[in-house]
Amino acid sequence: MVAEQASTDNPYVRDPDTGFDPVEELSRDAAREQAEQLREAVRYHDHRYYVQADPVIGDRTYDALFARLQDLEETFDLDRTDSPTRRVGGEPVEELESVAHVAPMRSLGQSVETDEVRAFDERVRDGLADTGHDGPVEYLCEPKFDGLSLEVVYEEGVYKRAATRGDGEQGDDVTAQVRTIPSVPVRLRGEYPEFLAVRGEVYMPRAAFQAYNRERVERGDDPFANPRNAAAGTLRQLDPSVVAERPLAVFFFSVLDSTASFDTHDELYDRFPDWGLRVTDRAELVDDIDEAIAYRDRLLESRDELDYEIDGAVVTLNSREACDRLGYTARAPRWAFAHKFPARSERTTVRDILVQVGRTGRLTPVALLDPVEVGGVTVSRASLHNPGEIERLGVAVGDEVRIERAGDVIPAVTEVVEAHSDDRFAFPDRCPVCETQVERDGPLAFCPAGLGCPAQREAAIEHYASRDALDIEGLGEERIAQLTDADLLEEPADLYELSVFELTALEGWGQQSAANLLDELERTREPPLPAFLVALGVPEVGSTTARALAREYGEFTALYDPADNHEVLPDTERLQTVPDIGPAVAGAVRGFFENERNRAAVDRLLAHVDPQPFEAETGDALAGETFVFTGALDSLTRSEAEDLVEDAGGSATGSVSGNTDYLVVGNNPGQRKRDDAEEHGVETLSETAFLDLLADHGIEP
C-alpha cells in the first residue's frame, strides 16, 4: 500500500482508532458479520492495489483493517479458507506432492530469428486455408515473462489449488505457497465462471529482487543469481510463511479450462481484471505478422523500463475458433509462437582468473569481474571455457571485456574490448587442487588424477546423483559438500554405507530426512544399465552414448567385469563398432577403466548395486532414421529427445555425417553442426518441426 489519505466515499474504510468496538465486547454473531465486512474490505483494497494499481488508502489504515480481521478470526474461531488472512502462511509440508493439471500446459515454439516468426505465420495461414477458415488473421501480442509458469484453479469463485508447470502434464502442488501471493485472489470478484483454471507466471519484481538480495547479503546469505531463480526458489519453499515474507507477484494470461466460453484471446484481458486476476498492460492486438514483429522490437527497446523480467514477445492467433482448427503438436500449440530477444551484453573489467576442476578432470578457467548488470542480473563471474579460448581471446587480468548472457542465462566472455596488460594469463601446468601434472588435448586441459583428485571426487558424487544419472532426490550440491566435509563420502560407493546415526549427527538432518535419503538410495540399487553408465561419469559418455553401449553390450559385465582380475578391459576396436563412437570416445572409455583408482571405485560400487540388463524397445516408427541435436530444447531435455528417437527404432548420434537424416536445432546451437548439415545436405528441423514429425509418427513425448 502507499501512504495516501483514505477515500471518503469508500464504504469499507473506517477509523481504525475509534471506529471499532473492543473485540471482547462483541457477540459471536456481531463478530461474524464484522469479519465478513472486513474480508470484503481487504479484498477490495487488495484489488485496488495489486490489480488496478490505484490504491485509495494508506499502509497504516490497511494494516489496521487486516489486524482487526485477524483478531476477530482468532478470538471467535472464524478462520475461513478464502479469508485474506490465510496469506500469512500455513503449516509447513514435508515435501511437494505431484498433481495432474486439468489440461496440458504446453510450451511454445520460439526463435530469435524474424524469418522463423514469418514461417510461423505462413504455417498458420496455410493450416487455416486447409480447414476452410476464411476469417481475419489477427494476433494478440504480449510480453514473454521470464518467471515460473503456474496453473491456478478456482471452483465457485474460491481459490482451490495451484501447481507448477512441471512436465506439462503434472507439476508440484504449491497451493499453500501461492495462496500467500497478494496478486492471486483467494476469491474471484464479479460474475465469475463456476469453474476456472488459469495459467499465470509468478515472478519477483526487479526492485523487490534487488532489495531482497541486499537483505540476504547483509544476513550473510548468498544472493540469488536472477529474479527467476529467486521466484523459483521461493515457490518451492516447504514453509508457506517463508513464501509470504518474500516479494512475489503473478500475471495471468490464458485459460486452461473453464465453464465459461471466450471467442478471442484479447477478451481475457478484459474479463480477467473484472474477476480480480492481474494482467499486463503491455498486450496489443495487431492485424498481421509485420505488426507483431514491430511490437516485439518496441518491447525490446522498452524492456529495461519494466519492473519485471521478459525475454521476448508471445504472438498468439486471436480467434479461439481458429486456434481450435489448428490444434496442437505433441508439445506446443500451432497457433502461438515466442519471438525471443537476443542475448544481452555489457562491458566490464577482469579482476582475476581462476581455474575450476570438473567431474571428468577438465580444467575450466573462470573470469572474476567487476560486477556489472547484464539484463537486470548482476554478473561478477563468467566462463572462459578452456585454455584454447583464453589463447584465442588473448585475455589477461585487468583487461576490459565484453560479457554476454547466452540465452539470457549463462555469462561468458566474448571479446577483449581493451587490453590493459602486456602479461597474458598463463594457464597452470599443474592441477590447482591436487597438483597433478596437467595434460592438454587440443584446446582443452585435464587433470588425469581421476578420483584421486578431491575436486573430481565430489563432482563425481554430484554427477552420480544427478537427474540424467540415478536421480537421487534430496542429494544436492550443498548436502554432498556437507557429507564430504564430514569425511562420510569420498566416492559414490560410500553413499550406500551411510547410516541414520551418521546423518542425524549432522546439522540440518532429522530422522525423517535421513530415512528419506536412505530410501532413495535403496531405490537405486538396481539401476537401468544406461543410467548406471552415465552415473559412472566416464568421459564422453552421456545419455546417448550410454544407451548405445547398453544396446551393444547388454550387460555391464560384458563391458567390464571385475571378476576377471582386470585382465580384460573394454576393447577399443569393438567400442568403435558402436554407432556414434569413434576413436576419441573409445579411447576415453578404455582410459577410464585403465585408471586403477577408477577401477577400485567401480569395484566397490558393484558390491552395492546391480545394474540391470538392457532391454531394447520394440518400436520401429523411426527405423533407419538418424538424428543429431544441437542447442538446448525448451519442451524436453536433449537426452529425453534422443530417448524418444531410439525408443522408436531410430538413431541419435552426436555428429553430422552423410548418413544423418535430420539435424534438430534448438536454442544457442553450435555452428559446426549446422555447417556440416549444409555440407552434407542434411535436413534441418526446428524444435517445433521435430515435435510435429514425432506427432506425425504417433510418438508422444
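For this structure, a couple of remarks:
- Least to most buried among Cys141, Cys434 (fewest other Cβ within 10 Å first): Cys434, Cys141
- Proximal aspartates and glutamates to Lys673, defined as alpha-carbon separation beneath 14 angstrom and excluding residues fewer than eight positions away on the same chain: Asp661, Glu683
- Straightening the chain between Ser383 and Phe501 buys 38.4 nm, computed as 0.36 nm per residue apart minus the Cα-Cα spacing.
- Mean ellipticity per residue at 222 nm, deg cm²/dmol - from DSSP H runs of n ≥ 4 across the chain, formula -39500 (n - 2.57): -10000 deg cm²/dmol
- Proxy reagent accessibility, fewest Cβ within 10 Å first, across Thr544, Thr660, Thr436: Thr436, Thr660, Thr544
- With 10 Å bins from 0: P(r) over the stretch 451-523, alpha-carbon pairs, percent: 20, 59, 20, 1
- By the beta carbon rule, with partners counted only under 4.7 Å, the chain holds these lone Cys residues: Cys141, Cys323.
- Largest first and in whole Å, the equivalent-ellipsoid semi-axes of the chain read 48, 32, 27, each the square root of five times a Cα gyration tensor eigenvalue.
- Restricting the calculation to Cα atoms, the stretch 424-488 yields a radius of gyration followed by a Dmax of 14.5, 44 Å.
- Each residue in His420, His339 was given a count of other beta-carbon atoms within 10 angstrom of its own, and listing them fewest first yields His420, His339.
- Hypothetical label at Asp370: residues of the stretch 323-357 whose amide nitrogen lies under 20 Å (7 Å Cα-Cβ projection): 345-354
- Computed over the stretch 626-696, Kirkwood Rh from alpha-carbon pairs, angstrom: 11.9
- Across the stretch 127-173, Cα pairs under 8 Å and at least six residues apart give a relative contact order of 21 percent.
- According to the Kirkwood relation over distinct C-alpha pairs, the hydrodynamic radius of the stretch 344-445 is 13.9 Å.
Coordinate-derived values only; no laboratory data. Note that the structure is a prediction, hence the values are computed from the model and not measured. With ideal geometry, Cβ positions are generated from the backbone for all residues, glycine too; neighbour counts draw on all protein chains shown.
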